[in-house]
1. Considering only region 55-65, state which residues are outside any loop (DSSP other than H, G, I, E, B) and buried (at least 16 other Cβ atoms within 10 Å of the Cβ).
2. Find the strands (runs of 3 or more DSSP E) located wholly in region 1-50 whose residues include 1 or more that are within 18 Å of residue 72 (Cα to Cα), in contact with a strand residue (DSSP E or B) (Cβ under 9 Å, 6 or more places away or on another chain) and modelled with pLDDT under 85, and list them.
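The values are calculated or read from the model by the stated rules, or taken from the named source; none is laboratory data. In this text the structure is predicted, and so the values were computed from the model without any measurement. Here the Cβ positions follow ideal geometry from the backbone for every residue, glycine too, while neighbour counts run over all protein chains shown.
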């Protein structure tokens with residue numbers, strides 16, 4: 001969960017068209033709202049001991065990019081969650 005808390009901000013920094021407008025943690029869940037290409041998307045991240053579930057609701061203009069976004073989220077999420085503690 002610690003890695004996810006810092007990772008969202010870093011992801012926004014590395015993707016110039018992405019801005020995190022809101023991110024609020026309650027226990028093991030985070031609700032968020034992001035802006036990309038002038039459009040607002042919202043979602044939720046739920047963290048469990050053995051998996052992380054990400055749900056994002058996209059406006060219709062961003063749905064065209066959903067497949068690419070899924071691949072990016074999956075790749076970056078896997079890297080973020082499998083990093084060694086000391087690195």
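1. 56, 62
2. 18-26, 29-36
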